[in-house]
1. When residues of the stretch 312-338 are filtered for being among the aliphatic types (A, V, I, L, M), buried (at least 19 other Cβ atoms within 10 Å of the Cβ) and assigned to a loop (DSSP other than H, G, I, E, B), how many remain?
2. Are any of the residues in the stretch 59-71 at positive phi and out of contact with any Phe, Trp or Tyr (no Cβ under 7 Å at 6 or more places or on another chain)?
3. Identify, by number, the condition in (1) farther than 21 Å from GLY499 by Cβ; (2) in contact (Cβ under 8 Å) with a residue 12 or more places away in the chain that VAL526 doesn't meet.
4. Kindly check whether there is at least one residue in the stretch 191-199 that is of a type in the set (S, T, N, Q) and touching a helix residue (DSSP H, G or I) at 6+ places or on another chain (Cβ under 8 Å).
5. Select from the stretch 541-564 the residues that are touching a Leu at 6+ places or on another chain (Cβ under 7 Å) and hydrophobic (A, V, I, L, M, F, W, C) and list them in ascending order.
6. What are the residues in the stretch 383-420 that are under 30 Å from TYR518 (Cα atoms) and either modelled with pLDDT under 85 or among the hydroxyl-bearing types (Ser, Thr, Tyr) (or both), if any?
7. Give me the residue from the stretch 96-121 that is among the hydroxyl-bearing types (Ser, Thr, Tyr) and surrounded by fewer than 11 Cβ atoms within 10 Å (Cβ to Cβ) and, out of that set, farthest from GLU59 (Cα to Cα).
8. Take the stretch 160-197 and flag every residue that is among the acidic types (Asp, Glu) and under 19 Å from PRO229 (Cα atoms).
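The values are calculated or read from the model by the stated rules, or taken from the named source; none is laboratory data. Not measured: the values here are computed from a predicted model. Quick reminder, even Gly has a Cβ in these numbers, built from the backbone with ideal geometry, and neighbours come from all protein chains shown.
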Amino acid sequence: MFKPVSRYLFLLLFFLLFCITTFPQDTAYYNTVSVTSPTFPADLEVRVRSPFQSRTYSEYRDILIPNYESIPTGVGTQRMVTCAYSGYQWTYTPPFAFGSLFSREHTYCQSWWDVSSTTNPYYSDFHHLFLTEQPHANGMRGNYPLGNCATTTTAFLDCKLGKNILGQTVFEPRNSDKGDAARGMMYMVIMYDHNGSYGNWSFKWLNETKIPSTPQDLQTLLTWSKQDPPDKWEVERNNYIAFLQQNRNPFVDHPEYLKYINLYDLSKLNPVFSPEPTYQASNFTAAANGNSITVSWTNPSGGQLPSGYLLQAYNVDNYFIPADGDVYPDSIDLSTGKALINIPYSAIQSYTFNNLSFGSHYYFTIYSYNGTDTLINYKIDGKQRANISTDITPVELVSFTAVIDQNNINLNWKTATELNNSGFSIERGSDKNSDGDIIFNKIGFVKGAGNSISPINYYYSDKMNNPGIYYYRLKQIDNNGTFNYNSPVEVNFKPVVKGYYLEQNYPNPFNPGTTIAYSLPEASNVKLSVFNALGQQVKIVENVYKNSGNYNVTLNADDLNSGIYFYKLEAGQFSQIRKMILMK
């Protein structure tokens, strides 16, 4: 008998099919609206509002976060989420749960709503909900409007609270979230203003009626949307939410729509742009030659020809959607991780990036456009993309072993090639969490060779005392901070003990804590005692049965006065006394 499939599992399976069969931008969705129509704002409202499927907070937690807004860390089942406002990252073991550390943020503040409700759909509309760190970032934002801080009062990582140039208190998120937050807020105006019983949502009503003393500046949001245009992550998030809610954020798909609507009062604007090109470039490819990559394409012919192309290049899988009327200046240095080049239609149909990092992957996107300056008009549907890698793996690890030598565990590893290798962080683990994942801790660091095309051998020795099963792994770190883990190796360590021995405490003199080490060649009852200068016993540190091995014990002398003391180890027929000094 088949077991019934859960609703969430069905949604996930359906989404995987959805990802395979749809394009990043659903152009057919907007067939019923036209920016040239005098009723464009109203038509766009109708388009966005129907169809629409209301969702809940629990579905945001159980579907959107695990399937899109979190990423695997590569360690067991652990995943990581990022605060939209600050960039703070938190690693968790599924399932995700909202709590004191992470919460969901209403970009259009809940206290601003005309009709306050936790049951109406705008309470949990995914298009304006974002994950935020709660104590600092979300707590700092509170109900303040978004804006640029001329002076800062409080900061947390990449977000801050302060005063704008008018002396008003505003909250400023990190740069990479400004456009996302702005488009989420502006979506709410189109989606809910005078939508049935949902009340007023326009910026005119908001600033003149609801929050006249602390207004939300619309021009700031429009500027942020220009400075931080919709990127691949935001576009694909919009796709996923569209699958769940059945509606889309139009300002993510078409950032140029913001030029045709006055969101302050939802009136129609009539900007003038050059005619849009009929076609994109075709046959867009990328080819590597050493540490250079050449992208090439074929110019379109027929219809409205483009006057040029916007070529985007990244060292991560990314792109952004340009907006009509916005010019993106050339920035040709791809070593920064991103490059933009404007190429005339009449120029040679290729472009070469030089001096790239070996072993890196690069992604390229090209848009055709027509016109210049504020008249520029981009063709954003049917964009062309290509990606390719340069040809040397940054660090190729060919072996990693752990060998027991007396009371040391010696780690040896070998690399075949290295590029920009800062070094190796050595990590050891013994305990596991409730999910069975090994908990690793850093125990050392070995500097890498930087760049090498010849094999290099590395060594690290870990002195051990306590028996047990241990796991070791390497965290290889590049000069730019990126890192990779290798598969851990397992060691079953049994210490070599040559006889009874009580070592001198360290540090000595001490205040108030010190470590006492001793060795047992065989299992026995162990008593470790402390005596004052008169020979009176003042503390029993241990009185237990122990197996053979090497042991470290911490003595806390908070309750003792300064002076000379003696500590005595008794184990079987063995007894030894040493002197120590407590100085407070």
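1. Qualifying residue count, the stretch 312-338: 2.
2. no
3. Result: VAL526 passes all but (1).
4. Scanning the stretch 191-199 turns up at least one residue that is of a type in the set (S, T, N, Q) and touching a helix residue (DSSP H, G or I) at 6+ places or on another chain (Cβ under 8 Å).
5. Once the filter is applied, which keeps residues that are touching a Leu at 6+ places or on another chain (Cβ under 7 Å) and hydrophobic (A, V, I, L, M, F, W, C), the stretch 541-564 yields VAL541, VAL553, ALA557, LEU560.
6. Answer for the stretch 383-420, where residues must be under 30 Å from TYR518 (Cα atoms) and either modelled with pLDDT under 85 or among the hydroxyl-bearing types (Ser, Thr, Tyr) (or both): THR401, GLN406, ASN407.
7. Here the residue is SER111.
8. Across the stretch 160-197, the qualifying residues are GLU172, ASP177, ASP180.
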